[in-house]
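**Q** Provided herewith is a single structure, encoded as structure tokens, for subsequent inquiry.
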Amino acid sequence: MCGISCVITLKGNAPKSNSYGAKNLTQAYELERALLSEQMEGSLEAIKHRGPDDRGYWFSDYNRVALGHVRLSILDLSPEAQQPFHDPEDTVHAVVCGEFYDWEEIREDLIKKGYSFRSHCDSEILIALYQEYGMSMMEYLRGEFAFVLYDSKVETIVAARDRYGVKPLFYSVHDGRLFIASEMKAFLAFGWQPEWDVQSLMECGYLTDTRTLFQGVSRIQAGRYLSLQSYSTITQTEYWNIEYPDKVCQSLPSYLYEIETRSEQEMIEGVRERLLNAVRVRLRADVPVGIFLSGGLDSSAVAGMIKHLMVGKGVRLGNEGSATANINCFSIKFLDGPGDEFDEEPIAQRTAEWLGVKKHIVRMTEEEFVKNYSDAAWFCEHPLSDLNFIAKVALSRITRENGVKVILTGEGSDEQFAGYGQLLADFLREPDLSWTSRSLPRLPNDLRLKLLAEEEQSKGGDQKTIKNFRIADPPSAAYARKQINNVGIISMTSLMNAQPLLSPWAQQEFGTQDPRVVGVHNLLTGTVRKKMQLKWHTLHSALYIWQKFFLQNILLTALGDRVEMANSIEGRQPFLDHNLTEYVNGLPPSVKLRYDPETQSLNEKWILKEAAKPFITEELYNRRKHPFSAPVTYPVDGPLHRYIGSLMTKENIEQLGFLEWEKCKYLVEDGFVHKNAVEMRKLFMISQLVELQRRFGVKRAEPEYALRPNEADIQAFQAPLARTSSLSRL
Ligand SMILES: Nc1ncnc2c1ncn2[C@@H]1O[C@H](COP(=O)(O)OP(=O)(O)OP(=O)(O)O)[C@@H](O)[C@H]1O
Ligand SMILES: NC(=O)CC[C@H](N)C(=O)O
């Protein structure tokens with residue numbers, strides 16, 4: 001994908017005739033332009049990994065708006081497709097990151113309506129679409145994208161992200177200017193000084209709402225666009241959201257609700273057809289396309305479908321000349337870890353052999369983790385309690401080394417089809433009353449309640465793998481749980497909880513909020529909470545939260561865009577195609593988690609397994625999901641122990657400003673020597689914060705009260721005030 005960096009001078013901040021040491025206003029604008037060019041170059045340089053093929057920027061008259069772009073050329077590699085794009089009258093300008101599918105049909109349609117195009121790049125359709133449909137153009141956009149568009153006639157900036165938030169977009173107001181960019185590091189060249197947002201860190205705001213790790217920097221949320229009107233008013237508008245059908249209440253007369261009438265077979269075919277289409281449109285590129293292949297169902301289904309489309313339907317894969325060309329798959333192999341439970345590579349190998357595709361492996365030794373550790377933190381811009389994201393940085397590197405520029409992944413499937421173990425309890429909380437088909441075995445109510453009780457009791461696993469990671473809710477979470485009809489996801493925010501390690505002042509200022517309560521409050525609007533309480537089945541409510549929280553802010557960032565783009569690889573996610581997801585959202589919960597009367601258990605992602613059956617091995621059809629996780633514990637005196645130990649020093653911890661060294665100093669021993677997985681996860685997080693501090697030059701966090709003026713300053717300040725007020729009394 002590409003990279004975007006834009007700056008808009010807000011109303012009231014235009015240069016004066018003596019700004020920048022100028023003699024007059026004309027010179028002030030000239031000097032400002034020279035400075036802005038230099039800053040823009042620096043900013044684009046910071047995100048050049050997102051677009052190493054081309055670079056361009058455009059400034060409006062009086063430097064009011066600056067749009068910058070680095071390009072990873074995917075469709076139409078000619079200079080004609082260089083960005084920013086402009087309309088023929090030079091009034092609308094845009095920079096785009098990502099892919100718009102169906103672009104050829106849209107382009108044809110727009111040509112018939114009188115628009116012309118200079119390139120054969122999908123991004124170019126944006127301006128014409130905007131001119132034709134205004135903001136309802138969002139309806140026409142299908143794919144993974146982010147863009148900034150400027151309409152000078154109506155003095156409006158629009159900055160939008162795709163429906164699921166695959167492509168990032170951050171913004172910040174600083175010194176009278178609005179910055180918008182694909183990654184926060186792009187702001188540094190404009191003079192932004194990062195400061196920790198400790199509140200956001202402690203409340204996990206950087207994972208649940210619009211906040212980031214840094215004060216004053218926000219994210220545009222998935223399915224929304226930011227507008228800046230008349231260079232002064234910023235608003236965010238939702239253009240799309242996830243919806244689920246009404247769970248039906250059988251106590252109502254049937255004319256008051258809709259009962260599911262489709263057969264299972266119809267639904268299976270419905271999923272298959274839409275997934276095949278979502279994969280097919282994602283194979284179109286003028287560069288080589290490959291797959292990130294794991295040992296799981298999702299990427300294997302994508303790989304199998306690609307093979308089917310190429311061999312069976314003659315569809316071309318990227319710029320491959322023939323439909324029989326090699327399919328390149330890339331897989332991670334974990335080595336030096338405590339065992340096979342994390343390594344899916346042997347299964348991926350069997351899938352690759354079955355499909356007859358070419359497989360490349362990155363071997364994740366401890367040395368490989370250390371080699372990529374600092375860069376991974378820098379690219380991701382937030383810490384993670386698992387090292388799986390570092391493996392993905394290494395994976396994208398070997399992908400690039402093998403000449404592949406675009407990869408398809410299986411990300412987003414678990415959040416549509418119910419792939420996580422934690423979702424079993426949420427499915428069992430309510431009966432699924434939407435279904436009357438005789439072919440579907442209904443889960444008897446007493447068995448449902450028994451299974452639910454068992455699931456609830458299994459809380460508090462060993463926290464070694466994410467698979468088993470569950471935490472009993474403290475009483476403060478009850479309030480949050482009540483508002484979301486008791487679904488369980490918010491406990492996951494505790495994974496990042498570092499409150500017990502705060503220094504006393506930070507504990508006082510930031511250590512009081514329960515991230516679960518804040519998360520529910522900030523993540524979900526009142527309308528959505530009402531739907532969770534009254535309309536949606538509990539499985540669907542949980543899936544909504546997984547998508548808005550875990551998928552958007554962890555999986556698609558630290559395990560998606562950021563780690564792919566670290567090595568200039570474009571990731572495409574067929575499971576996040578809204579034509580598919582809207583269909584899947586409308587299916588009954590019982591076909592996602594299917595009850596098997598023989599084993600008296602639930603089979604996750606059942607409908608997907610059935611839809612993908614012709615394209616996957618029997619092994620995968622019968623396999624339970626294993627979340628993608630790197631080993632958590634590592635040997636004493638090994639490369640990771642030494643490296644993380646070197647980051648976890650008193651000096652580094654104190655430089656962060658908000659953590660207490662005395663509370664942190666045992667973590668290395670607890671994690672590496674005593675193999676405590678919970679402490680190890682904290683260690684990963686904190687050592688990454690240390691890396692971020694260093695690479696971003698983040699200011700040390702200081703207590704609020706230390707910033708207040710001392711007594712002498714206050715008296716000096718009050719003296720003239722006292723005189724004025726006594727005068728005014730006369
Ligand atoms: N070990 C791996 N090697 C290469 N890519 C991987 C690996 N693990 C995960 N991925 C990529 O990340 C995506 C998301 O991982 P995830 O575990 O959710 O899906 P999956 O492994 O394909 O299927 P399942 O959810 O059934 O395990 C995968 O579809 C794949 O594209
Ligand atoms: N890398 C991208 O974001 C690609 C943008 C656009 N689709 C192009 O091919 O240029």
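**Q** Grab the other residues whose beta carbon is less than 13 angstrom from that of K665, score K and R as +1, D and E as -1, and report the net.
**A** Residues near K665 contribute -4 overall.
**Q** In the range 274-315, which residues have a backbone nitrogen under 16 Å from the label point lying 7 Å from E105's Cα in the Cα-to-Cβ direction?
**A** Under 16 Å, as judged by backbone N against the label point of E105, lie 274-284 of the range 274-315.
**Q** Near N622, within a Cβ-to-Cβ distance under 14 Å, what is the net charge of the other residues, with Lys and Arg +1 and Asp and Glu -1?
**A** Every neighbour counted, the sum reads +2.
**Q** Would you mind ranking V198, V7 by Cβ crowding within 10 Å, fewest neighbours first? Spell out each step's value before the answer.
**A** On the way: V198 20, V7 25.
Starting with the residue having the fewest Cβ neighbours, the order is V198, V7.
**Q** Something else about it: Might you report the magnitude of the Cβ-based charge dipole of the range 3-238 about its Cα centre, with Lys and Arg at +1 and Asp and Glu at -1, to the nearest 20 debye? Each step should come with its number before you reach the end.
**A** Details: 23 positive and 34 negative charges, 138 e Å.
About 660 debye.
**Q** Full extension from E155 to E651: what is 0.36 nm times the residue separation minus their Cα-Cα distance, to one decimal in nm? Spell out each step's value before the answer.
**A** Values: separation 496, 0.36 × 496 = 178.56 nm, distance 4.88 nm.
My answer for the length gained is 173.7 nm.
**Q** Could you please tell me the mean projected area of the C-alpha convex hull for the range 281-367, averaged over all directions and given in square nanometres to one decimal?
**A** Dividing the Cα hull surface by four gives the mean projection, 6.1 nm².
**Q** Rounded to the nearest 500, what is the chain's calculated 222 nm mean residue ellipticity when only DSSP H runs of at least 4 contribute -39500 (n - 2.57) each, over all residues? Please list the in-between numbers first.
**A** On the way: 29 runs with 269 residues, N = 730.
For the chain, the value works out to -10500 deg cm²/dmol.
**Q** Something else about it: Work out, step by step, the length gained on full extension between R700 and N326: first 0.36 nm times the residue separation, then minus their alpha carbon distance; give nm to one decimal.
**A** Net length gain for the segment: 129.5 nm.
**Q** Suppose R0 equals 30 Å; then what is the FRET efficiency for L31 and S78 from their Cβ-Cβ distance, rounded to the nearest 0.05?
**A** Working: r = 35 Å, r/R0 = 1.18.
Working from the Cβ atoms, E equals 0.25.
**Q** Which trypsin sites (Lys or Arg not before Pro) does the range 52-142 hold that lie in a coil by DSSP with at most 11 other beta carbons within 10 Å?
**A** Loop-located and lightly packed - K113.
**Q** A follow-up question, please. GluC sites (Glu not before Pro) within the range 582-643: which are DSSP loop residues with at most 11 other Cβ atoms inside 10 Å? Display every interim value, and only then the final one.
**A** Numbers: sites: E582, E598, E604, E610, E618, E619; in loops: E598, E604.
Passing both the DSSP loop test and the Cβ count: E598.
**Q** Could you tell me the distance between the Cα centroids of the range 528-600 and the range 397-437, to the nearest Å?
**A** 6 Å
**Q** When the convex hull of the Cα atoms of the range 639-704 is projected onto a plane and the area is averaged over all directions, what value comes out in nm²?
**A** 4.5 nm²
**Q** Something else about it: Take peptides 664-671, 392-399 and line them up by average Cβ neighbours within 10 Å, highest first, as a rough protection proxy.
**A** Put in order of decreasing packing, that is 392-399, 664-671.
**Q** For the chain, state what percent of all Cα-Cα pairs lands in each successive 10 Å bin, counting from 0 Å until the bin that includes the largest distance.
**A** Percent of pairs per bin, in order: 3, 14, 23, 26, 20, 10, 3, 1, 0, 0.
**Q** Further question: Would you order R262, R681, R516 from fewest to most other beta-carbon atoms within 10 Å of each residue's own beta-carbon?
**A** R262, R681, R516
**Q** Continuing with this model, one more query. On full extension of the chain, what length is gained from D90 through E582, given 0.36 nm per residue of separation minus the C-alpha to C-alpha distance?
**A** 173.4 nm
**Q** By a straight-distance test (C-alpha under 13 Å), which aspartates and glutamates pair with K113 as possible cross-link partners, with residues fewer than eight away in the same chain excluded?
**A** Here the aspartates and glutamates satisfying the reach criterion relative to K113 are E105, E132.
**Q** Taking the Cα centre of the range 639-704 as origin and charging only Cβ (+1 Lys, Arg; -1 Asp, Glu), how large is the dipole, in debye to the nearest 20?
**A** 280 debye
**Q** In 5 Å bins starting at 0, how do the alpha-carbon pair distances of the range 3-238 split up by percent?
**A** Going out from 0 Å in 5 Å bins, the range 3-238 shows 1, 7, 14, 18, 20, 17, 11, 7, 4, 1, 0 percent.
**Q** Put +1 on the Cβ of each Lys and Arg and -1 on the Cβ of each Asp and Glu in the chain; which of C6, L228, G56 then has its Cα farthest toward the positive end of the dipole?
**A** In the chain, that residue is L228.
**Q** For the chain, build the charge dipole from Cβ charges (+1 Lys, Arg; -1 Asp, Glu) around the Cα centre, then report which of L689, Q457, V632 sits farthest towards its positive end.
**A** The one lying farthest along the dipole's positive direction is Q457.
**Q** Helix check for the chain. Which DSSP H runs span at least 30 Å along their own axis by Cα, with a mean Kyte-Doolittle hydropathy no less than -1.0?
**A** Membrane-span-like by this rule: 25-46.
**Q** How much net charge surrounds H93 when only the other residues with a Cβ under 9 Å from the Cβ of H93 are counted, with Lys and Arg +1 and Asp and Glu -1? Working shown, then result.
**A** Details: positive: none; negative: D87, D90, D151.
Taking every Cβ under 9 Å from that of H93, the sum is -3.
**Q** How high is the FRET efficiency from R350 to E266, r the C-beta distance, R0 41 Å, rounded to 0.05?
**A** E between R350 and E266, to the nearest 0.05, is 0.80.
**Q** My understanding is that a pair violates if its Cα-Cα distance is over 19 Å; which of K371/K699; K333/K371; K247/K592; K307/K625 do that in this structure?
**A** From the list (K371/K699; K333/K371; K247/K592; K307/K625), the Cα-Cα distance tops 19 Å for K371/K699; K307/K625.
**Q** For the charge dipole of the chain, defined by +1 on Lys and Arg C-beta atoms and -1 on Asp and Glu C-beta atoms about the Cα centroid, which residue among G134, W435, S396 has the Cα displaced farthest towards the positive pole?
**A** W435
**Q** Moving to a separate point now. If I model a spin label as a point 7 Å beyond the Cα along the Cα-Cβ vector, how far apart are those points for K113 and I361 in nm?
**A** With each label placed 7 Å out from Cα toward Cβ, I get 5.2 nm.
**Q** Taking every DSSP beta bridge with both residues inside the chain, roughly what % is antiparallel (nearest 5)?
**A** 75 percent
FYI, it's all coordinate maths here, none of it is from the lab. Predicted model, so just to flag it, every value in this text is computed and none were measured. Cβ sites come from the backbone with ideal geometry, for glycine too, and all protein chains shown count toward neighbours.
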